[in-house]
Amino acid sequence: MKKILLLLALTLSLATFAGKLKVGASPVPHAELLNLVKDDLKAQGVDLEVIEINDYVTPNLLLADGSLDLNYFQSQPYLDKFAEERKLNLVGFGKIHVEPLGFYSKKFKKVEDIPEGATITIPNDPTNEGRALILFHSKGLIKLKDPTNLYATEFDIVENPKKFVFKTLEAAQLPRALDDADATIINGNYAIPAGLKPDRDALFLEDKDSPYANLLTSRPGDENKEDVLKLVKALQSEKVRKYILDNYNGGVVPAF
C-alpha cells in the first residue's frame with residue numbers, strides 16, 4: 001500500500017512539472033516578456049525555456065524541424081510570406097504587442113529638413129520593406145501604386161518628389177546605418193537595444209493600431225495545447241501590459 005501511495009505521489013509530482021515549452025524569441029522585448037512570466041508559469045506546472053535568437057530566419061526553421069515548441073518574434077504578414085516562400089506549415093496566434101517602426105536621423109531634426117536625393121535605409125525582408133514604404137506613403141513622402149500591398153518594394157513607388165534613394169539592409173543592421181545614412185527606418189525591437197527612445201528620438205512613428213502585431217507561432221494543433229494556452233494568458237495579462245507601458249518608451253505597445 002505504501003509503495004502504491006509513493007508511486008501515486010511521484011506520478012502526480014511529475015505531472016505537475018511535466019509541461020515544458022521551449023520558445024525561440026528575439027531578445028527585446030520578446031525574451032524579456034517571456035522571462036517576466038516564467039515564474040508565473042512555473043507555478044502552473046509549465047517549465048518555460050527561452051532561447052534568444054537574433055535574426056528573423058532561424059526561429060521559424062527551428063520551429064518547423066521540431067527544435068522549438070514555439071517562437072515569438074514576428075507578425076502575421078511576415079509569417080505568411082516566410083511560410084509561403086519556405087513551404088512551411090506554421091500557425092500564428094495570440095497577439096501580444098506591436099513594435100512601431102520609427103524614422104530616425106542623426107543628421108536632421110525634422111522630416112522637412114531631409115534634402116532631395118537623401119539616402120534612406122529600410123529593412124530588407126519583404127514584409128518590413130513593404131511596411132516601411134507604406135509608412136512613407138502614409139506620411140505623404142512617396143506615393144505607392146497600391147498602398148494596401150503589404151509586400152510593396154521600391155519598384156511600386158509611382159511618385160518620389162524628393163528623389164529619396166532607398167537602401168535595404170538586414171533589420172538588425174539598421175541602427176548602425178544611422179551614422180552613414182541620412183535617415184533610417186528601424187524596428188522597435190532593434191531601436192531600443194541601440195539606446196534609442198522611440199517616443200523621443202523618432203521623427204515619426206508607425207501608428208499604434210498597426211496590423212503588424214507580434215504573436216506566438218507553433219506547428220498546427222499545438223496552439224490549442226493546455227500549456228500553450230497558459231502562456232498566451234500570461235503574456236496577455238495586466239502584468240505584461242504594465243511592464244510594456246512602463247519600460248519601452250513607445251517602442252513597444254500592447255496589442256491585447
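The values are calculated or read from the model by the stated rules, or taken from the named source; none is laboratory data. These figures come from a predicted structure and were not determined experimentally. Using ideal geometry, Cβ is built from the backbone for each residue, glycine included, and neighbour counts are taken over all protein chains shown.
Structure summary
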{"quantity": "Identity of the residue in the range 169-216, surrounded by fewer than 19 Cβ atoms within 10 Å (Cβ to Cβ) and of a type in the set (S, T, N, Q), that ends up farthest from Phe136 (Cα to Cα)", "calculated": "Gln173"}
{"quantity": "Leu196 vs. criteria at pLDDT 95 or above, touching a strand residue (DSSP E or B) at 6+ places or on another chain (Cβ under 8 Å) and of a type outside the set (Ser, Thr, Tyr)", "calculated": "no"}
{"quantity": "Scan of the range 111-161 for residues that are assigned to a loop (DSSP other than H, G, I, E, B) and surrounded by 14 or more Cβ atoms within 10 Å (Cβ to Cβ), ordered by number", "calculated": "Ile114, Ala118, Asn124, Asp125, Leu141, Ile142, Pro147, Leu150, Tyr151, Ala152, Thr153, Asn160"}
{"quantity": "Complete set of residues in the range 77-110 that are of a type in the set (A, V, I, L, M) and assigned to a helix (DSSP H, G or I)", "calculated": "Leu79, Ala83"}
{"quantity": "Leading residue by the ranking (nearest to the chain's Cα centre (by Cα)) among those in the range 17-59 that are among the polar types (S, T, N, Q) and not in a helix (DSSP H, G or I)", "calculated": "Ser26"}
{"quantity": "Single condition Leu135 does not satisfy, out of (1) on the phi > 0 side of the Ramachandran plot; (2) in contact with an Asp or Glu (Cβ under 6 Å, 6 or more places away or on another chain)", "calculated": "(1)"}
{"quantity": "Members of the range 54-91 found to be surrounded by 15 or more Cβ atoms within 10 Å (Cβ to Cβ), touching a Phe, Trp or Tyr at 6+ places or on another chain (Cβ under 9 Å) and of a type outside the set (Ser, Thr, Tyr), listed by number", "calculated": "Pro59, Asn60, Phe73, Gln74, Gln76, Pro77, Lys81, Phe82, Leu88, Leu90"}
{"quantity": "Which numbered condition Asp209 fails, given (1) modelled with pLDDT of 90 or more; (2) under 17 Å from the mean Cα position of the chain (by Cα)", "calculated": "(1)"}
{"quantity": "Failed condition for Thr184, given (1) in contact with a helix residue (DSSP H, G or I) (Cβ under 9 Å, 6 or more places away or on another chain); (2) without any contact (Cβ under 8 Å) to a residue 40 or more places away in the chain; (3) not in a helix (DSSP H, G or I)", "calculated": "(2)"}
{"quantity": "Among the candidates Ile96, Ile51, residue that is more than 17 Å from Glu223 (Cα to Cα), modelled with pLDDT of 95 or more and surrounded by 16 or more Cβ atoms within 10 Å (Cβ to Cβ)", "calculated": "Ile51"}
{"quantity": "Residues satisfying the stated conditions in the range 226-241, i.e. free of Cβ contacts under 8 Å to residues at least 24 places away in the same chain, more than 18 Å from Val50 (Cα to Cα) and more than 18 Å from the chain's Cα centre (by Cα)", "calculated": "Glu238"}
{"quantity": "Residue that is nearest to His97 (Cα to Cα) [pool: residues in the range 162-181 that are hydrophobic (A, V, I, L, M, F, W, C) and in a loop (DSSP other than H, G, I, E, B)]", "calculated": "Leu178"}
{"quantity": "Criterion (over 25 Å from the mean Cα position of the chain (by Cα), farther than 25 Å from Leu245 by Cα, of a type outside the set (A, V, I, L, M, F, W, C) and modelled with pLDDT under 95) met by exactly one of Asp180, Asp125", "calculated": "Asp180"}
{"quantity": "Gly102 surrounded by 20 or more Cβ atoms within 10 Å (Cβ to Cβ) and touching a residue at least 40 places away in the same chain (Cβ under 8 Å)", "calculated": "yes"}
